[in-house]
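The structure under discussion appears below in the form of structure tokens.
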Amino acid sequence: MLVLFETPAGFAIFKVLDEGKLSKTDDLWKEFESADAARQLVKLKAFSKFENTEEALAAATCLIDSKPTKSLRKFLKAHCDGEILAVADSKLGNAIKEKLQIDCVHNQGVMELMRGVRSQLTELITGLGAQDLAPMSLGLSHSLSRHTLKFSADKVDTMIIQAIGLLDDLDKELNTYAMRVREWYGWHFPELAKIVQDNILYAKAVKLMGYRTNAAQLDFSEILPEDVEAELKEAAVVSMGTEVSDLDLINIKDLCDQVLSLSEYRAQLYDYLKSRMNSIAPNLTALVGELVGARLIAHGGSLLNLAKQPGSTVQILGAEKALFRALKTKHATPKYGLIFHASLIGQAAPKIKGKMSRSLASKTALAIRCDALGDNLDNSMGMENRLKLESRLRNLEGRELGHSAGSTKGKPKIEVYNKDQKKGGGAMITPAKSYNPAADSVLGRLEAEAEEVEMVEAVTDGKKDKKKKKKKVVEDEEVADEATAKKDKKKKKKDVSEEAVEVQTEEKKKKKRKHAEADEEETETPSKKKDKKKKKKSEV
């Protein structure tokens, strides 16, 4: 049995002298306690040395992927004919068996044997000292880690994060300093603020002019246009500003120097950021620009972290506060975040900004993954996707124009059916009209036109008569309905009056009856009193 062992210096093949000891895996480590005992178990048969570090790195990367290199295949063919080969990786053994038809073994005994060989490696391989093996292994490990991580000095996105942060801070400071210059020098020349709008040109003009009385004698052609220069000189003559001292003017000029130096440094920093973005994320830069791309990377933490995010997250990146507020209040979620400042979104109409931001975010997510994980360093993918997005923008704008230019609901107009219209190749071709010689006679044509006019008038008169008759019939019906309604009302009134009379007569009869009964009672009472008195006296 042979053992294939990989070292930083090359490949080694050992011959196992006593294969029976491999079955006792628990006691196998005792055989490698000393160099002499190890030499009694295994013996070096062949060694293939790496020529340089590149070859060692290529062999190590192939072994990580469980693939034998060309040099390893040649080495095994030369020394492993008809032998069983013990390997440390089962996948590598399968690959060797497929390509070289060499039987390979991988089990627990082989792993213990590999561990023992590694412990006595410098003693088993002559000419390979520990002082040589340590730097070889260290250099190979560093090269291998760089290769696995695909490390490149141009792929460091930390510089982009720092640069965009510094650029934003410079913008704030520059704006603050420029406003302070305007306020400070405004006490001396307040009209200048309206004449020169740009902050950098304002600082240059103040530095060159000094006192406003010097404006008429100076040449501002290198700084300002001719019309602005003429307006400045006219305003300097009739200015309403106060006078300032020499010390105040010196401090104002020093502040102008600070503004100009900051603006120059900002331009230099922007060029640096542009170059770094084109080298690290060329596809992202082609889609959204340098500033927006750098802000996306800074907000995500790194280019690799940003590559792990889906397109929906990239779309609203930077609008987290608005998103969670909308989710909490159950309102509409935001459609864009930092990506809103991209040029493609700015070109879109307000109604289609949401659609364009969604499309741009999906393409941006693909571009970020290509930049972070791909091997290509060009911006071909980004430019191709940008052309697609521009065509989609034109398509959406054309669709909106079609909706507004057509009918109210944007539906196509329905054409009237024409029986003379042909189908197929001769479509939209009507039959040819023949010449009418009767149209040449002017008199006959005039008489025909007069007859047509009379017919039209007769038809219109007939229609008017019919309309009048219909109106009369409708009016007669309305009058009859009104008469019947009045009769019904009169009948109802009569019935009500008769009922009231009957009720009154009954009430009168009842009153008469009551009066009669009362009179009878009055006439009967004195006779009854006399009878009662007589009865009392007789009893006594």
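The values are calculated or read from the model by the stated rules, or taken from the named source; none is laboratory data. This is a predicted model, so every value here is computed, not measured. Methodologically, a virtual Cβ is constructed for each residue, glycine included, from the backbone with ideal geometry; neighbour enumeration extends over all protein chains shown. Protein only, heavy atoms only, side chains kept; ligands, DNA and RNA dropped before computing areas. Shrake-Rupley method; radii C 1.70, N 1.55, O 1.52, S 1.80 Å.
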Within the range 12-33, the residues whose backbone N lies under 15 Å from a label point placed 7 Å from the Cα of Gln108 along the Cα-to-Cβ direction are 22-29
Give the long-range amide H neighbours of Leu44: residues separated by 5 or more places, or on another chain, with amide H under 5 Å away, using H modelled in the peptide plane at 1.01 Å from N. Lys15
Order of 27-33, 278-284, 333-339 by packing, highest average Cβ count within 10 Å first? 278-284, 333-339, 27-33
C-alpha center-to-center spacing [the range 291-312, the range 4-51] in angstrom: 51
Can you send over the carbon and sulfur percentage of the accessible area for the range 253-380, probe radius 1.4 Å, protein chains only? 55
Derived scalar couplings ³J(HN,Hα) [the range 250-261; Karplus, 6.51 cos²θ - 1.76 cosθ + 1.60; whole Hz; x for Gly, Pro]: 5, 5, 5, 5, 4, 5, 5, 4, 5, 4, 5, 5
Label-to-label distance, nm, for residues given as Arg39 and Ser275 (7 Å Cα→Cβ offset): 6.1
Please report the carbon-and-sulfur percent of the accessible area for the range 13-163; probe 1.4 Å, protein heavy atoms only, DNA, RNA and ligands left out. 50
Cut-off 19 Å, label point 7 angstrom out along Cα-to-Cβ of Arg266: give me the residues of the range 281-302 whose amide nitrogen falls inside. 290-295
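How large is the accessible surface per residue of the range 2-149, computed with a 1.4 Å probe and reported in Å² as a whole number?
Heavy-atom accessible area per residue stands at 57 Å².
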Which FRET efficiency value, to the nearest 0.05, is calculated for Gln217 and Ala46 with the Förster distance at 56 angstrom and r the Cβ-Cβ distance? 0.05
Express the accessible area of the range 234-292 per residue in Å², computed with a 1.4 Å probe while the remaining protein chains stay in the model. 51
Rg/Rh for the range 238-338 to two decimals, with Rh computed the Kirkwood way over all alpha-carbon pairs. 1.26
Normalise the Debye intensity by I(0) for the range 187-263, one equal point scatterer per Cα, no solvent, then take log10 at q = 0.22 Å⁻¹ and round to two decimals. -1.05
Accessible area of Thr313, 1.4 Å probe, to the nearest 10 Å²? 40
Amide H partners (placed H, <5 Å) of Cys104, local residues excluded: Leu85
Using all C-alpha to C-alpha distances in the range 281-401, build P(r) with 10 Å bins and read off the rounded percent in each one. 14, 45, 31, 10, 1
